[in-house]
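Values quoted throughout were computed directly from the atomic coordinates according to the rules given, and no laboratory measurement underlies them. Computed from a predicted model, the values in this text were never measured in an experiment. Ideal geometry is used to build each Cβ from the backbone, glycine not excepted, and the neighbour counts take in all protein chains shown.
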Amino acid sequence: MLQVGLTHFLVVSAILFSLGVYGIVTRKNAVMVLMGIELVLNAANINFVAFSRFSGFGLGGQMTALFVIVLAAAEAAIALAIVLNIYKQFTNVNIDEIDHLKD
Amino acid sequence: MNYYDILFYLFAIITLASAWFVVTTRNVIYSAFFLLFTFFGVAGIYVLLAADFIAVVQIMVYVGGILILLLFGVMLTNKITNVDIKSGTANLLSASLLTGVLMGALVSVMIFTDWKVEPAEIQTTTIKTLGTMLLTDYVLFFELLGILLLIALIGAASIARREKE
Amino acid sequence: MSESLIINLSVAILFLPLLGFTVVVLLGKRFPKLYLFEVGIISIAFILSLIVMFAKLSYYPNNIVAQFTWITMGSAPSAGSFNIDLGISIDNITVMMLFVVNLISLLVHLFSIEYMHGDKRYTRYFSYLGIFTFSMLGIVLTNNLLMMYIFWELVGLSSYLLIGFWFEKKSAADASKKAFIVNRIGDIGMFIGILILFANYQTFTFDAIYAQIEAGNMPFGDSAWLTAAGILIFLGAVGKSAQFPLHVWLPDAMEGPTPVSALIHAATMVAAGVYLVTRIFVMLTADAMLTIAVVGAFTSFVAATIALTQNDIKKVLAYSTVSQLGYMVMSLGVGAYAFAFFHLVTHAFFKACMFLGSGSVIHAMHHEQDIRNMGGLKKKMPITYYTFLISTLAISGVPLTSGFLSKDGILAGTLAFGKLTGHWLIPLMAFTVAGMTAFYMFRLVLLTFHGEPRDHHKYDHAHESPKLMVAPLVILAALSVFIWYTPNPIAADSGWVLSSWIKTPTQVVPNETRFDFMKPDAAFETNSGQHAESHGTITHSTLYTETMHWAHYKAMFASLAVAGLGILLAFAFYFWKKLNADKLAEKIKPLYNFSLNKWYLDEVYDATAVNGTLNSGKGFSWFDQKIVDGAVNGSAYVTRVVSKISGWFDTYVVDGFVNFTALLSGFVGLLFRKLQTGKVQTYVAFVVFAVIVLLLLFKPF
C-alpha cells in the first residue's frame, strides 16, 4: 500500500460524508437524522484539519474546525429543542409523517 | 507499513465501521453508542494529523456534550419501556443507490485530484498557537461565536419550553 | 496605606454596586427585604470611598494608575499593531467625585426607603439605583475614553430605566424615550470624537493621547482636527449635561421618582458631562474652549429665563439645574477649571438637598407638584423648610455658603476672561443669570413655604416627613456651608479644596492654539512670575493670575449686588406684595409666554425634527399620488387606446395559443406536484442528486 498521506484522509472523510448523507435520507426518527448531520460535519472537519496539516496554510484549518465544532454544538441544542417541540405537537418525531408543509 | 500507517488504518476502520452501524442499526440507543465510537475514531484521526487540541475538543464537546444531548433527545421523545427503541427507515433502495453514486464520485475526486502537498512544520503542541490566534487574528469570530452560543442557549431554552396551545 | 491597597479599594467601590444590582434584580422578587442589602452595599462603598479619599489626598500627590491590556490586536497593515487597555486612574478629582457620588447615592437610598414605600416595584427600584451607581463610578474611575464611553451609555440606560420607572404613565414612558433619544444625538458626536483620536493615536488612554499631543502630534496633521475632536467629545457632554440645544430632555425627566431626580438629574449623572470636559480639558484648543464657553453661557441664560415662570416645583429645580450646569460648562470654557469642579461638588450637595426637599414636600402634599397650590408649609414642615432655605441661599450665592464661594469664583473667571479676550458678553450673561437665579429660587421658597395656604384641604393633611427622609436633608444642608471647604468665607482660594486638592492641569495643545493667557510664562513675555507659584490654583500665566486678582473683589461685589437685587425683587413680588406678578406678566405677555413655554423649543423640535420626518413622508406620498399616479394614469389612457386595437387580435389569435399553454402547464404542474412532498428527506435527496449531476458535469477528476 501507499504511504499514508493527504489522499487517505480525504477518502476517509468522503466515505464518512456519504454515510452521513445516507443516514439523513433514510432514517425516520428526527434524532437519528441529527446523528447523520453530525457525521457530515465530522467529515468536513477531517478535511479542514487534513488540509491544515498537509497544505502549508498554517493552523487556519484547525481554527475553522474548532469553529465548526462550536457551531455543531449550538446547532444540536437548537435542533433538539425543535425536536422536543415537534414531539409535543405531534407526539412523534418521525419526520416523514410531518409533512404539513405540503398543504 | 509503519506504526503511523497501522494506527491510521485502525482509526479509519473504527470510524467508518461504527459510522456504518450508526446509519444502519434500527435500534436508536445502539446507534447513539456507535456514534460514540465514530467520534473517538475521528478524534484519533485528528491526533494523527497533529491536531492535539482539536482532538481533545472533539472528545469533550462531541462526546461530552452533543452525544449526551442526543441521548436526552432520544429519551425525551420516546415512551421508554426498554432500551429497544426502534427507528423506521424509508426509501432504502433509492437512497443507497444515490449515496453509493455520491460516494463513488467523491472518492474518485479525492483520489484523482492532484493535491498540492506541502507538509506544514509539526508543532509539539498547538494549544499555545491556537490560543494566540483566537485572541488576535480570529478575535472577532471568537466573540461572535460567544454571542452565537449565548443566543443558541436562550433560543433552545425558550423553544423547548413553549407550551402547546 | 499602599498604592495597591488604594487601587484595590477603588475597584471594590466600583464593583460593589454591581453586586448589589445583580443580587437584588435576580432575587428581589423572592426576597422583598433585599433592598436592605442594596442599601448596605452602598454604605460600605461610601465608607470605602471616604477612606480612599483621605488616603489619596493626604499621602499621594501624584496620580495612581492601574491598567491591563484587554485586547491585543493583530497588526493591521496600515496601522501597525496596537493594544486596547482598560484601567483606572485615581487623582484628586476622582476621589472627590467618588465621595460625592457615593454620599449622595447613599442618602438617596435612605430617602427612598420611605419615599418609595408601598411601590409595587420597590426592590426593582433599588436594583436600578445600584446599576446607576456602578456606571457612574465607572465614569469617575476610568483612565480611557473607551471605558468612559461604555459607562457613559450605561448611565444613559439606567437614567432611561429610572425616568420610565412608572412606565404605566404615558408621560413617564415618553419622557424616558425622549431622554434616551436626545442623549444618543450627543453621544454620536462623542463617538466620532473618540474615533478621531483613536484613529490617530491608536490608544484610548487619556495620558497616552495627551502625551502624543504634547509631542506635537496633531490628528491628521492639523490642529483644526484637534479642535473638532474636542468639540465633538464635548457634544457628548452637551447631551448628558443638558446643554442647549439638547437640554430639552432634562425637565421632562422629572417624570421619574423625585429621589431619582435628586441623584441622577441634579447631582451626579448630569454632572458627568462636566466631569468629561474636565478630563479632556488639557486637549482643548482656544476655539474649542470658546465654543464651550458660549454654549455654557447661553444654556445657563436660556434655562434661567425659563425657570422664572415655571409653576411645577420640580420643573423650576430642573431648569435651575440646567442653568447651573451651563455655569460649570461656561466656567471650563473660560479656563476656570478649578472653580468649575468646585461648583460641581457644591452644586451636587445643595441641589440634591433641594430635590430631596421638594420630594419631602411632594410626599407631604400627596403628590401635588404645583407651587400655586402650596404655601404656608413653613409651620408644618420646619426641618424641610430650613434645609431648603439653606440650599436656596447657597444657590443664590449668599455669603457664608458653599455656593457663594464657587459661584463667585466662576464669575471672577468669566470677568477675567472678558478682560483678557474681549468677549464681554459671557460675563454679562453670567451676572444676569446670577440675578435671575436668586429671584426664581426665592420665588419658589416664598410661594411654597410662606404666605397663606392656597389649598386648605391638602395643607391640613401635610405633615413633616419621617426621620429617614429628613436626615439626608440635614446632612446635605450642612454640607452647603462654607466651613467644609475653606476657613475664610470670602476667599475660596485660601481653603484646602482649591489650594491643594484641585490642581488645574497644564494644557498640552500647541502654544499657538491656546488663548494668550493660557500660555506658560516662557512663551508669554512678561516681567516676572513670582505670583504664579504662590497660588496653586491658577497655573496658566502671570497675567492671568493678576487678572484673577483684579477680578476677584469686583466679581464678588457685583455678584452680591445682583443676587441681592434678585432676592429683593422676589420678596417685593411674593412676600410684601408691593408689586403684582400677574399684572406684570399681563404687561409683558409675549415675553412671559415665551418663557412659560420654554422658548417654544419643544414646539420647534416637533416642527422641525419630528414633523420634518413626518412631512417628508407626506411629501413622498404626495409625489406618489400626483406625479407617479399621473404618469401611470396617462400611460393607462394610451394603453387603453392601443389595447382596443389589439383587442380583436387577442381574442382570436393569442387566446387560442394561451389556452393551449395553460393546458400544457396544468399538465406539467400535475407532474411536478408529485415532487413537492413536504418531506425534508426527499429534498435532501434532490440536493444530493444535483451535487452528483454537477460533479459529473464538471468532471474534476
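Structure notes:
- Chain C: angle of helix C:122-141 to the longest principal axis, Cα-based, in degrees nearest 10: 80
- Each peptide in C:278-289, B:64-75 was scored by the mean count of other Cβ atoms within 10 Å over its residues; highest first, the order is C:278-289, B:64-75.
- Taking a straight line from the alpha carbon of residue C:240, these aspartates and glutamates sit under 18 Å away, with near neighbours fewer than eight places off in the same chain left out: C:153, C:174, C:187, C:252, C:255, C:602.
- Equivalent-ellipsoid semi-axes of the protein assembly as shown, from the Cα gyration tensor, Å, largest first: 68, 37, 31
- Normalised contact order of chain C, rounded percent, pairs of Cα under 8 Å and 6 or more residues apart: 11
- Relative to the longest principal axis of the Cα atoms of chain C, the long axis of helix C:3-27 lies at roughly 60 degrees.
- Per residue of B:148-159, other chain Cβ atoms within 10 Å of the residue Cβ number 4 on average.
- Within the same chain, lysines fewer than 8 places from residue C:644 are excluded, and of the rest, those with a Cα less than 28 Å from its Cα are C:626.
- Coordinate range along principal axes, alpha carbons of chain C, Å, largest first: 106, 68, 58
- Prolate/oblate/rounded call for region C:85-209, Cα gyration tensor, a/c under 1.5 rounded: oblate
- Test item: B:44-55 mean partner chain Cβ contacts at 10 Å: 6
- Too-long pairs where the Cα-Cα distance tops 29 Å, listed order kept, from C:120/C:315; C:178/C:407; C:351/C:503; C:170/C:458; C:169/C:577: C:178/C:407; C:169/C:577
- With respect to chain C, whose longest principal axis is taken over its alpha-carbon atoms, helix C:629-649 is tilted by about 0°.
- Debye, to nearest 20: dipole size of region C:566-701, +1 on Lys, Arg Cβ, -1 on Asp, Glu Cβ: 300
- Relative packing of peptides A:40-47, C:135-142 - highest average C-beta neighbours within 10 Å first: C:135-142, A:40-47
- Anisotropy class of region B:1-85 from Cα gyration tensor, a/c 1.5 cut: oblate
- For chain C, the mean residue ellipticity at 222 nm estimated from helices alone is -22500 deg cm²/dmol, where every DSSP H run of n ≥ 4 contributes -39500 (n - 2.57) and the total is divided by all residues, rounded to the nearest 500.
- Peptides C:623-630, C:263-270, C:445-452, C:570-577 ordered by average Cβ neighbours within 10 Å, highest first: C:263-270, C:445-452, C:570-577, C:623-630
- Shape call, region B:124-165: gyration tensor on alpha carbons, a/c limit 1.5: prolate
- In chain B, Cα pairs under 8 Å separated by at least six residues give a relative contact order of 20 percent.
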